[in-house]
Structure formats: C-alpha cells, structure tokens
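Everything on this sheet refers to the single structure shown next.
The values are calculated or read from the model by the stated rules, or taken from the named source; none is laboratory data. The structure displayed is predicted, hence computed values, not measured ones. Positions of Cβ are backbone-derived with ideal geometry, glycine not excepted, and every protein chain shown enters the neighbour counts. When the accessible area is computed, the model is the full protein with side chains, heavy atoms only, and any ligands, DNA or RNA have been set aside. Shrake-Rupley method; radii C 1.70, N 1.55, O 1.52, S 1.80 Å.
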Amino acid sequence: MDEASCPLGDAVRGWAARPARCADALRALEGIDDLAASLARDRLLGEFVAVTRSVWTTTGHRPRSGVVAASAAVLLGVVGCTPSQAVSTPAASGAETLPFSHVHGVGFDPGDGALLVATHDGLFVVDEAGDANRVGPVIDLMGFVVAGPERLLASGHPGPDVDLPEPVGLIESTDGGRSWDPVSRQGESDFHALATGDAGILGYDGELRRSTDGVAWEPADIPAPPAALAASPTGPEVLATTSQGLLRSADGGATWSEVDGAPLLQVVAWGEDGATVAGVEPSGTVWVSADGAATWQRGPETGAPVQAVAVGSADDGAVRIAVVTTEAVLLSEDDGQTFEALTGL
C-alpha cells in the first residue's frame, strides 16, 4: 500500500473538512489497520500536526503545541510507521530527557547570550553543559518573547502561589525572569503567540491585537489564526505561521500577504541582525533564510516534533539557532547547518 492510498492518510486529511474535536478524530482511527510500514513518517506527522492545530482552532479549543506534538508522537507509535532518515543529532554527554514539559517559547538574552526556555512550569535557563535551572516563579508561560537584555514579555496562567490574575494577560520582567509585573489585559488575555519589534507588540488570544506600548491595544485582521508570530527588530515586518502557509505583514500587522515559496512552518523566529529568519516544519525540518524570509535554505531534520525556535548571535557575530523539540534542546552555531543536543534525547 502506498502513502497516497493509505487509509490513515485519508483520515488525517479528512479532519480538515469538518469541525471536530481532536479526541473525536483520534477515536475515528481505532478501526484503521493494515498500515503500510513504508508510510513516510515526516509527511504524515506534518499533516497531523498542522491539521490538528487547524481543527482545534476551528472549534475554539486551541491546544498547546506540546500537546499536539505529543499526540502526534503517540499516533505514530500506535500505527507503527517507519521513521524516515534524518540528520543525526548527537546528544550531549549525560543528556537523557528534557527537564521540563510543554515548552511554549525559547529565546536568547542579547545581554549575556543566555538560552531561556518558557514552559508550563515556568522559565528555565539552559547552560552550555545542558543543565537547566528554573528562574523566578512558576507561571505557565504561553506567549513568550525576549524584548531586550533581561527584558521579557509573556502571557499565560499563574502558578498556585503566584499573585496574578487568571489569565495573566501581558506581563513583563526586567530582571531576566526572576520577577514579573502585570502590564495590561489581566484577567482578559491569554496570548498564545506574542512578538515584539519595531512594529510594536503583537499578540494572539483568539484575536490578533496590536499595541505600541503594551498597554493600549487595537484589534487587527489576519487571514488565518497564527501558531507563531515573529517581528523584525529593524523594521515593521512581521511573520506569522498559519495553516494557510507563512504570512508576512509589511505594516506592523495591519495587512497580510502570503510569502511565496516559503515552507509550511509551525514556528518561526527573527534574528537580531534583521536578516536571519529560522523556522521549523511540524515534522521537524529546519529552514533558514538570510534575507528576511524572501528565500529559504533547507537544513537538517530534528528527528522529533518541534515546540519552539529562536535565533541569536554569538560574541563573534555568528548566528545561533535554538530548536526545542519534544525530545531535546538543540543548538546550532553554524547558521543552522548542524545541531547538537544540549539536553534531552
């Protein structure tokens, strides 16, 4: 049986044609058997993640990226599909599992280069040895973005001992995540996608919103719900990953158009230089652009569903790219050509 005629492939593609909860879609798979061992894992996984996110958004039950990724991994494990070959990723010595769960964002602090990982259990700093240490209170950080040296913006849900409303709205840290202060929309917004740059601040909480100061917000239109947002640090351009493809705004999120020739990405990040953009497909294939998302170069496969991506700069000016999958925190220091695992795997 080839991939085109595989009943599982038909079922996955069929989910997009009708509004349904993911649980209903998964129950529909119970009667499917006789799957081809040669079914392409990366293509099926990409469809599963993209379609599942789309279905959830359509029904108003937007999932955390980690939940989607985990469901995809379970699905592939159940049906016994054979993984396709990917670029091998060497694990750091002693790394076995991720020290946190449900990663919603990642970023480099431009002040000291620290790698920050925003998770369901709060903010972690991952050092070069792969050690991860929690910073600050336990907040389920959903939308997350590094806005400057030790300056962070986030959204999400407070932990049991955190004196913030539910949801927390837009919150800010000016000490690298050790403490957080409310800025706006407390008790109103849970931004699952968040970006800041010359365009100002953009957040998506079921509706796209724009702000120049993080306090006063105005609604904005976008052709499809964004899974991730990334803003240029040197201009008004903004990128959004959606089920319709990569979208670009040249006016701070006021209007949008499709990026011709761009890969279908789940996450995307803009580098400090204003030119480097990195993104990852739902199946884990890395893509890098050196011209602000105009053209793309395909990179290695991470070998696992992606959760977040970030672009930073080393002291010598080299581009650093971090990718967090469901299995590892990966770091590239050669423009995304190769990755090594800091922790996980």
Restricting the search to region 138-166, which residues are assigned to a loop (DSSP other than H, G, I, E, B), in contact with a Pro (Cβ under 8 Å, 6 or more places away or on another chain) and of a type outside the set (A, V, I, L, M)? PRO149, GLY159, ASP161, PRO165, GLU166
Quick check on GLY177: is it in a loop (DSSP other than H, G, I, E, B) and surrounded by 22 or more Cβ atoms within 10 Å (Cβ to Cβ)? yes
Among the listed residues ALA293, ALA308, which satisfies the condition of being assigned to a loop (DSSP other than H, G, I, E, B) and open to solvent by less than 30 Å² (accessible area, probe 1.4 Å)? ALA293
Check on VAL146, open to solvent by 60 Å² or more (accessible area, probe 1.4 Å), of a type in the set (A, V, I, L, M, F, W, C) and modelled with pLDDT of 95 or more: no
Quick one: which residue in VAL215, VAL183, VAL288 is open to solvent by less than 30 Å² (accessible area, probe 1.4 Å) and among the β-branched types (Val, Ile, Thr)? VAL288
GLU340 in contact (Cβ under 8 Å) with a residue 24 or more places away in the chain, surrounded by fewer than 23 Cβ atoms within 10 Å (Cβ to Cβ) and not hydrophobic (A, V, I, L, M, F, W, C): yes
Return a yes/no flag: does region 133-152 have any residue that is closer than 21 Å to ALA308 by Cβ and polar (S, T, N, Q). yes
Pick from region 113-143 the residues that are farther than 26 Å from GLU340 by Cα and more than 17 Å from the chain's Cα centre (by Cα): which of them is surrounded by the most Cβ atoms within 10 Å (Cβ to Cβ)? ILE139
Specify the residue that is surrounded by the fewest Cβ atoms within 10 Å (Cβ to Cβ); the eligible residues are those in region 240-276 that are acidic (Asp, Glu) and under 21 Å from GLY312 (Cα atoms). ASP273
Is it fair to say SER249 is polar (S, T, N, Q), within 15 Å of ALA230 (Cβ to Cβ) and touching a residue at least 40 places away in the same chain (Cβ under 8 Å)? yes
Selected residue (only one of ALA220, ALA227 is within 16 Å of the chain's Cα centre (by Cα) and touching a residue at least 24 places away in the same chain (Cβ under 8 Å)): ALA227
Of all residues in region 102-137, which are part of a strand (DSSP E or B) and either closer than 16 Å to ALA269 by Cβ or in contact (Cβ under 8 Å) with a residue 60 or more places away in the chain (or both)? VAL103, HIS104, GLY105, VAL106, GLY107, PHE108, LEU115, LEU116, VAL117, ALA118, VAL126, ALA132
State all residues of region 111-150 that are acidic (Asp, Glu) and under 22 Å from GLY200 (Cβ atoms); if no residue qualifies, say none. GLU150
